[in-house]
Amino acid sequence: MLIQSSKIESHNEGLLKSHQNKLVFTASEIAETESIIQKLIDFQIAIPSWALGTGGTRFGRFPGGGEPRSLEEKIEDVGLLHALNNSSGAISLHIPWDIPTDYNAIKTLASQHNLKFDAVNSNTFQNQADQEHSYKYGSLQNVNKAVRKQAIDHNIEVIKQGIALGSESLTVWLADGSNFPGQLNFRKAYQNTLESLEEIYAALPSNWKLFLEYKCAEPNFYSTTVADWGQSYSYVKKLGDKAFTLVDLGHHLPNANIEQIVSLLLMEEKLGGFHFNDSKYGDDDLTAGALKPYQLFLIFNELVEGMDARGMNHAKDLGWMIDASHNVKDPLEDLLQSVEAIMVAYAQALSVDRKALEIAQNENDVVKAQEILQNAFRTDVRALVAEARLRSGAALNPVALYRDLAVRSGLIAERGLKTIATGL
Ligand code: LRH
Ligand code: MN
């Protein structure tokens, strides 16, 4: 479903006056407004191909209708999001959930929607129908060399598929671990995983990156072989300069200080990118910023500080991706909300008075330092994020326009109520 630019223009015309009033006020409150708006225009967040349908849990799944039936329709849906906010300019595929049949046709379709292919994701946490060996007891850690070889070959195949699509990174998330004490020899599991990752790493083209995603638990509930930032860091340090740690916000033990982990990985030049989402209990994969918006702001505050300390390009040097699952909301509305929350957190972090913060920190003026950060978090920067969309031909209010155009009922009319998208 394509959104004509004329629809976006008439939508913006109706909101222009109030937007300009808010923008003038916001610009009077924040320094460097123009450079912040330019950075927001350049900032693109990759949409997960596995989160364009309704997610579920073991207790149930309640599809909302009009879900994409193919990779082509998934690309159209991400293209629709990108037309509405011009901040979703990439799609991250999960193999084998999204194996292209005709690579050139898929690349052409993606470029027609101004979309790039971000990281490709391997999958050695499910058994495929035609698979010889089971991953029941793990993949790269498995005590059985034949199982490890099968998983290594799959990852190398995913790299080949990524190269054909123009992707430049592989994300490896391993469900590997154990459910009971005694089930696993941790040392051998680590060594098997490292040796297996070394074979996958050796297959990376020179300009590629490998992102190793950690997760504290689920589907294994006693140990996970890449369970936290420290374990992922120990693997990627040994693998080499093309290997980095990927931070999924929902993969931490309760009360973990994620912004401090981000600061350290960035300083160590081993931060590869993010899977943005939010959670209250476990890996809930909820809308980014929906539960802990201050934490999301603090993470971007460390990102801006740490990236500027290394002279990094904010838009290009790290992998910005969403990883969410939508059990009760329209997947496309949920993704529009996640992108908005991420852009707002980034804009707030860009508005922090860094010089004043440094002085306060050097003087141990705790209250002053806290006031500077909270002032940025409590400043309404939504007009800057909206202005970035307006200048790049997108909608001032993407969710409102999505609803005014009754996109979901259009998709249901086109695809039907019972369609199920591949993915989680
Ligand atoms: C694991 C994870 C990983 C994906 C999967 C879809 O919880 O975050 O990034 O492979 O979700
Ligand atoms: Mn993830």
Can you send over the carbon and sulfur percentage of the accessible area for the range 88-191, probe radius 1.4 Å, protein chains only? 53 percent
Heavy-atom accessible area with a 1.4 angstrom probe orders Y402, Y103, most exposed first, as Y103, Y402
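Roughly to the nearest percent, how much of the accessible area of the range 213-259 is carbon and sulfur, given a 1.4 Å probe? Don't jump to the answer; show the numbers that get you there.
Values: 1060 of 1970 Å².
Looking at the range 213-259 in its full context, I get 54 percent from C and S.
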Put R58, R408, R415, R310 in order of accessible area, largest first, probe 1.4 Å, and you get R58, R310, R408, R415
Residues whose modelled amide H sits under 5 Å from the amide H of E67, counting only those 5 or more places away in sequence or on another chain, are T419
Separation in nanometres of the label points that stand 7 Å from Cα toward Cβ, at A309 and K237: 1.7 nm
Under the Karplus curve 6.51 cos²θ - 1.76 cosθ + 1.60, θ = phi - 60°, whole-Hz ³J(HN,Hα) for the range 236-243, x wherever Gly or Pro sits: 6, 5, 6, 5, x, 5, 9, 10
What order do D380, D130, D98 take when sorted by accessible area (1.4 Å probe), most exposed first? D130, D380, D98
Given a 1.4 Å probe, how much area per residue of the range 1-156 is accessible, in Å²? 48 Å²
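With a 1.4 Å probe and every protein chain left in place, work out the accessible area per residue of the range 174-271 in Å², rounded to a whole number.
On a per-residue basis, 45 Å².
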In the range 277-344 the accessible area split gives carbon plus sulfur, as whole percent at 1.4 Å, a share of 52 percent
Looking at this model, which pairs from K7/K107; K242/K280; K188/K215; K145/K242; K238/K270; K209/K355 are more than 23 angstrom apart at the alpha-carbon? K7/K107; K242/K280; K145/K242; K209/K355
Name the residues whose placed amide hydrogens come within less than 5 Å of the amide hydrogen of N121, ignoring near sequence neighbours (fewer than 5 apart) on the same chain. L93, H94, I95, T171
Quick one: which residues, 5+ away or cross-chain, put their amide H under 5 Å from the amide H of S88? H built at 1.01 Å from N. I45
Theoretical gain in end-to-end length, Q295 to S28 [0.36 nm per residue, Cα-Cα removed]: 93.5 nm
Leaving out ligands and nucleic acids, note down the accessible area per residue over the range 352-422 with a 1.4 angstrom probe, in whole Å². 56 Å²
Antiparallel bridge percentage (DSSP; both residues within the chain; nearest 5): 15 percent
How big is the accessible area of E199 in square angstrom, nearest 10, if you roll a 1.4 angstrom probe over the protein chains? 100 Å²
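If you take the beta carbon distance between V367 and A202 as r and set R0 to 45 Å, what does 1/(1 + (r/R0)^6) give as a FRET efficiency, to the nearest 0.05?
My answer for the efficiency is 0.30.
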Heavy atoms of the protein only, probe of 1.4 Å, neighbouring chains included. What is the accessible area of L396 in Å², nearest 10? 10 Å²
Count neighbours as other Cβ atoms within 10 Å of each site's Cβ, and list the trypsin sites (Lys or Arg not before Pro) in the range 237-292 that are DSSP loop with at most 16 such neighbours. K280
Rounded FRET efficiency, nearest 0.05, which uses the C-beta distance separating A406 from Q112 and R0 of 25 Å: 0.60
Heavy-atom accessible area of K136 with all protein chains present, probe 1.4 Å, nearest 10 Å²? 150 Å²
The answer for GluC sites (Glu not before Pro) in the range 233-324 that fall in a DSSP coil and have at most 13 neighbouring Cβ atoms within 10 Å is E268, E269
How big is the antiparallel share of DSSP beta bridges in the range 158-313, given as a percent to the nearest 5? 20 percent
What is the calculated FRET efficiency for S134 to T57, with r their C-beta to C-beta distance and R₀ = 22 Å, to the nearest 0.05? 0.40
Name the most mobile residue of A400, A356, A51, meaning the one with the largest mean-square fluctuation, in a Gaussian network model of the chain with Cα contacts below 10 Å. A356
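The values are calculated or read from the model by the stated rules, or taken from the named source; none is laboratory data. Everything numeric here is computed off the predicted structure, so don't read it as measured data. As a convention, Cβ positions derive from the backbone with ideal geometry for all residues, glycine included, and neighbour counts pool all protein chains shown. Accessible surface areas use protein heavy atoms only, side chains included; no ligands, DNA or RNA. Shrake-Rupley method; radii C 1.70, N 1.55, O 1.52, S 1.80 Å.
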